[in-house]
Amino acid sequence: MPTLIDRRGPSRRAVLAGLSAAGALVVSGAAVLNPREAWGLEVTALKPETMRTLIVMARDVYPHDRVPDRFYAIAMKPYETDAAKDPAVKALVEEGVAALDVLAKAKHGVPYADVGWEDQRVAILRQIEGGPFFEKVRGGLVVSLYNQEEVWPIFGYEGASADKGGYIDRGFNDIAWL
């Protein structure tokens, strides 16, 4: 006798995709947590799910495998601060993330942050690139991610030299390969 299988629940693929993409970031109450890296980010102006999506989006916009998620979370914190001060920013961010989730659910059946593969998320981002939400996040990330001094050693950047005597006194001629 054939057995009926209930196919209304999430597929195995969707569950595995969600685990791999969101496995590091967990929403708990009003915070986004990363149990693997042992940090948390309290969110008050934006929804915690929105912040989680912003962090995943930030990694997809400027992917660096060696940069831990906490630096992307720190880079996204200004959007929380700006959303608390300006309802227009809050609406732009919340509506932008909602639009991302709609696109992701239509294509993959899960919210953007739960789409398992980076190339699938990037394909979704390409649908909104050039829009005000995408440009706000991308433009802000350039400053808020790469201005973190703790990130500089990961990229091999020694930092500004002006306060240490300039490049002549600090590393101008220390290139070992010449």
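The values are calculated or read from the model by the stated rules, or taken from the named source; none is laboratory data. The model shown is predicted, which means the values in this text are computed figures rather than measured ones. As a convention, Cβ positions derive from the backbone with ideal geometry for all residues, glycine included, and neighbour counts pool all protein chains shown. These area figures cover heavy atoms from the full protein model, side chains too; ligands, DNA and RNA do not enter into them. Shrake-Rupley method; radii C 1.70, N 1.55, O 1.52, S 1.80 Å.
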What pairs come up if the first residue lies in region 130-146 and is among the basic types (Lys, Arg), the second is surrounded by 12 or more Cβ atoms within 10 Å (Cβ to Cβ) and assigned to a helix (DSSP H, G or I), and their beta carbons are under 6 Å apart, counting only those six or more places apart or on different chains? Arg138/Val61
Within region 57-70, count every residue that is in a helix (DSSP H, G or I), in contact with an Asp or Glu (Cβ under 7 Å, 6 or more places away or on another chain) and open to solvent by less than 50 Å² (accessible area, probe 1.4 Å). 2
Only one of (1) modelled with pLDDT of 95 or more; (2) farther than 26 Å from Val143 by Cα does not apply to Gly116, and that is (1)
Among (1) open to solvent by 10 Å² or more (accessible area, probe 1.4 Å); (2) closer than 18 Å to Pro132 by Cα; (3) touching a Leu at 6+ places or on another chain (Cβ under 9 Å), the one test that Arg52 misses: (2)
Could you tell me which of the residues Gly171, Gly109, Gly166, Gly156 is modelled with pLDDT under 95 and within 30 Å of Thr53 (Cα to Cα)? Gly156
Kindly indicate whether Leu54 is assigned to a helix (DSSP H, G or I) and touching a helix residue (DSSP H, G or I) at 6+ places or on another chain (Cβ under 6 Å). yes
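Table: residues versus (1) at pLDDT 80 or above; (2) hydrophobic (A, V, I, L, M, F, W, C); (3) closer than 26 Å to Pro87 by Cα.
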residue	(1), (2), (3)
Pro2	no, no, no
Arg12	no, no, no
Ser20	no, no, no
Gly29	yes, no, yes
Asn34	yes, no, no
Pro48	yes, no, yes
His64	yes, no, no
